[in-house]
Amino acid sequence: QFPFGRRLPCDIYWHGVSFHDNDIFSGQVNKFPGMTEMVRKITLSRAVRTMQDLFPLEYNFYPRSWILPEEFPLFVAEVRMMKDSDPSWKPTFIVKPDGGCQGDGIYLIKDPSDIRLTGSIQSRPAVVQEYICKPLLVDKLKFDIRLYVLLKSLEPLEIYIAKDGLSRFCTEPYQEPTLKNLHQVFMHLTNYSLNIHSGNFIHSDNVNTGSKRTFSSILCRLSSRGADVKKLWSDIISLVIKTIIALTPELKVYYQSDIPAGKPGPTCFQILGFDILLMKNLKPMLLEVNANPSMRIEHEQELSPGVFENVPSPVDEEVKVAVIRDTLRLVDPQKKKRKDVQQHIESCKSKINIRYNYFMCYRCQTLEHVSEANEELLDAGPADRREYGTTRSPEAGLPSLCLKQVFPKYAKQFNYLRLVDRVAALFIRFLGVKGTTKLGPTGFRTFVRNCKLSNSNFSMASVDILYIDITRRWNSMGIDHKESGMCLQAFVEAFFCLAQKKYKSLPLHEQVKSLIDFCEYHLAALDEKRLVCGRG
């Protein structure tokens, strides 16, 4: 550990909190810039909502959400409207502080008037969501799933999911919410950090019992009851990929700001904790994403009043050790070197075979080619030959990988969803100054002009008004005041407006796709023209 940094460069840096824990310029770091900000409850809700606007059916795994305080009037109006249209609807809502963690500050309400607006919500923004009243129960208890996801690369996008996770249980039998039991956190909230303080919490050495179990033990139990576990896994994989697709556009803006293209800098990877709740019908619902999931493999046990000791947790150890070990195996820089050496050796062998066949066909030729190829093989060095020859590779004694690649493996099924990624690429192109995350008025005008979006019905004066209106509104929401200008979310809103103006009769996702194609076509033509002029 180097709490004050380290002068000598490393292959891999393992930061405790964020990308900015230390200034590094090479190697790989286990955090992406901007990830902590992106998975906060409000930012995540906004990112998923954008995708719900485009693809409502594909993103129905996230509960209906409102952002407080700015959307409180909208929340009140929509709930009143839904109750008027369906008098039998008796909803429950869950209020989650934006920066909260470990269940801190979460509470349940039955009516918008129950929200605690007195001061705290102004200073501590929150998300209010429709509460999932019919969760799947095991042993009459509500539980959630913590799944570990490795985002190995942003460009190209590469995602792995751990084959096992943790199931974290409430400690009081579940009942549907009523005014009498709303306050019973041990019944409604699955957070481990809350339930561990319950007298009913069970620490178990068995992965199949207790208040924390492996997800695989739950799957076995479901399978024995005839549940379609294969479909459940498929739905979970789909949820993870779609969520990361919602997050990547803004992550790319943060990434280019901290690690500008063409400048030396580290590459990034990150282990994320996905918290998922299963409904009674086995539909997975996303609760939240954690940028710094706990990797503790022990828990505190009170020996006597005020005296604690750390006791190993077999369940945590089984899941988390495998995740860390296999993350390091996947990002191991030596692995690529070994792979390159192996490919070099195989290439040399194929050259030898080709040249030997050539020699056999034309006996009049000399053995010169074969001897050259043999020399090339020898040049690979004894260590390289030994590793891929008679002795085992360094990974031969390790278990098979617990991390399963899901992207780009299933890219064909999900690439049509990556529209906002393409909008973000346009945004980044026109940022101008490297290291910035906001678009100035000149950059926005240049975008409109270069993409040929202005015409007699949409003048450059109208462009300026659109820029000012949307930027002012987003800035009033308290979105990052460190820089002035238009943030990515504001640009996406402006882009959607332009798409709806230009392609009135199409659904929103087709409008947006058509405008992206239109912009990319004109920018490609402009690049080609500049290239020709440059050659001239």
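The values are calculated or read from the model by the stated rules, or taken from the named source; none is laboratory data. Here the structure is a predicted model, which is why all the values come from computation and not from measurement. Because the Cβ atoms are built from the backbone with ideal geometry, glycine has one as well, and the counts that use them run over all protein chains shown. The area values use the complete protein model at the heavy-atom level, side chains included, leaving out ligands, DNA and RNA. Shrake-Rupley method; radii C 1.70, N 1.55, O 1.52, S 1.80 Å.
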Virtual spin-label span in nm between His203 and Met295, 7 Å along Cα→Cβ: 2.3 nm
Provide the packing ranking of 454-463, 64-73, i.e. peptides ordered by the mean count of other C-beta atoms within 10 Å per residue, highest first. 64-73, 454-463
Classify the chain as rounded, prolate or oblate, taking a ≥ b ≥ c as the square roots of the eigenvalues of its Cα gyration tensor: rounded when a/c is under 1.5, otherwise prolate if a/b is larger than b/c and oblate if not. oblate
What whole number of Å gives the distance from the Cα centroid of the stretch 212-249 to the Cα centroid of the stretch 464-536? 36 Å
Could you give the nm distance between label points at Asp114 and Lys335, where each point is 7 Å from its Cα heading toward the beta carbon? 4.8 nm
In sequence order, what are the phi-derived ³J(HN,Hα) couplings for the stretch 76-91 according to the Karplus relation 6.51 cos²θ - 1.76 cosθ + 1.60 with θ = phi - 60°, rounded to whole Hz, with x for glycine and proline? 4, 5, 5, 5, 4, 5, 5, 5, 5, 6, 9, x, 7, 6, 10, x
Past the 23 Å Cα-Cα mark, which pairs from Lys31/Lys242; Lys412/Lys438; Lys242/Lys404; Lys90/Lys283; Lys31/Lys263? Lys412/Lys438
R0 = 25 Å: FRET efficiency of Ala77 with Asn415, Cβ-based, nearest 0.05? 0.10
Taking H as built 1.01 Å from N, whose amide H comes closer than 5 Å to the amide H of Ser153, not counting residues under 5 places away? Glu158
Percent relative contact order for the chain, counting Cα pairs under 8 Å at least six residues apart, stands at 15 percent
Quick one: length gained pulling Ile468 to Asn281 fully straight, 0.36 nm per residue minus the C-alpha distance? 62.7 nm
On full extension of the chain, what length is gained from Tyr521 through Val17, given 0.36 nm per residue of separation minus the C-alpha to C-alpha distance? 177.3 nm
By average Cβ neighbour count within 10 Å, what is the ranking of 223-236, 420-433, 294-307, 40-53 from highest down? 40-53, 420-433, 223-236, 294-307
How much of the accessible area of the chain, probe 1.4 Å, is carbon plus sulfur, in whole percent? 55 percent
